[in-house]
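A short reminder: the numbers here are calculations on the coordinates, not readings from a lab. It should be emphasised that the depicted structure is a prediction, and the values quoted were computed from it without experimental measurement. Here the Cβ is made from the backbone with ideal geometry for all residues, glycine too, and neighbour counts use every protein chain on show.
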Amino acid sequence: MGCETPVMEPAPALDASRPSPLRLTGFLLTVVGALLAGIGAVGTWVTVGISGQGQLDSVTKGTDIWEGKVVLACAAVMLVGVLVTRMVHGRGARRAFAALVAMAGLAAAGIGAWFLATASSNYSPVDSAAIADKLAQVLDEPTDQAAADLQKVVDKLGGFTTIGTGPKLALLGGVLGLVGGILVLMWTSRTASGTPEPAEDDAPTGSETV
């Protein structure tokens, strides 16, 4: 009696079928959104300083604050999630990952928008420990004294708070990821479980026999 070949469960593989316009658009928007959000997360989010005193400028990168770190995580979720939707075959699994992509995009966009709206009031040269440290070095005095004198310096020379490109890219990338995730979610709703949606060119014509 010959040996029977054991039945093996198929391993997840990338769906190489030609995507429909809806699926392709959602995929591309999500990938671009994840890229923009990731670039924004590591970019400059805010710069505070004293007018005419460039050596005292304090630059805050996204990875220096929790907002940027969360946006970076959201970018990774968007990118991985949209790739997984092409590897799993069950409609339920695809819908779950597409929804996850949309939620990550919404979170990134929300954080970017919130930061843009509040940065001017949350970041001030007077409250910057980094500027106080640099001022102490310039004036050759203790940091505590420099921090106490910082308000006088700002009042005399003027201070500024400049929002960088980081939160703007996070907002834009998040919106693209949200839209992309919604489009992929719409695509999963138009497919049968385990069956990719045919491209529009593959749809039956009226001349074919029903």
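Going by how many other Cβ atoms sit within 10 Å of their own, how do Lys61, Lys156 line up, fewest first? Intermediate values should be presented prior to the final figure.
Working: Lys61 15, Lys156 9.
Taking fewest neighbouring Cβ atoms as first place, the list is Lys156, Lys61.
For the peptides 99-105, 23-29, residues were scored by their other Cβ atoms within 10 Å and the scores averaged per peptide; the highest-first order is 99-105, 23-29. Of interest is the spacing of the C-alpha centroids, which for region 42-89 and region 123-195 amounts to 9 Å. Using just the Cα positions, wrap region 21-162 in a convex hull and report its mean projected area in square nanometres, one decimal place. Dividing the Cα hull surface by four gives the mean projection, 10.1 nm².
Do any trypsin sites (Lys or Arg not before Pro) in region 84-152 lie in a DSSP loop with no more than 16 other beta carbon atoms within 10 Å, and if so, which? Answer in residue order: no site qualifies. The chymotrypsin sites (Phe, Trp or Tyr not before Pro) found in region 108-192 include none that occupy coil by DSSP while having at most 14 further C-beta atoms within 10 Å. Put simply, the Cα atoms of region 71-117 extend 41, 15, 9 Å along their principal axes, the longest span coming first.
Which of Val175, Val80 comes first, and how do the rest follow, when ranked by fewest Cβ neighbours within 10 Å? Mind dumping the intermediate values first?
Values: Val175 20, Val80 14.
Sorted ascending by nearby Cβ count, the order is Val80, Val175.
Provide Thr30, Thr44 in ascending order of the number of other Cβ atoms located within 10 Å of each residue's Cβ, fewest first. Please report the intermediate quantities before stating the final value.
Values: Thr30 31, Thr44 18.
Ranking Thr30, Thr44 by Cβ neighbours within 10 Å, fewest first, gives Thr44, Thr30.
The calculated pair-distance distribution of region 81-171 uses every alpha carbon pair, bins of 5 angstrom beginning at 0, and gives 3, 12, 15, 12, 9, 10, 9, 7, 6, 5, 5, 4, 2, 0 percent. Near Ala41, once Lys and Arg are set to +1 and Asp and Glu to -1 for all other residues with Cβ below 15 Å from its Cβ, the sum equals +1.
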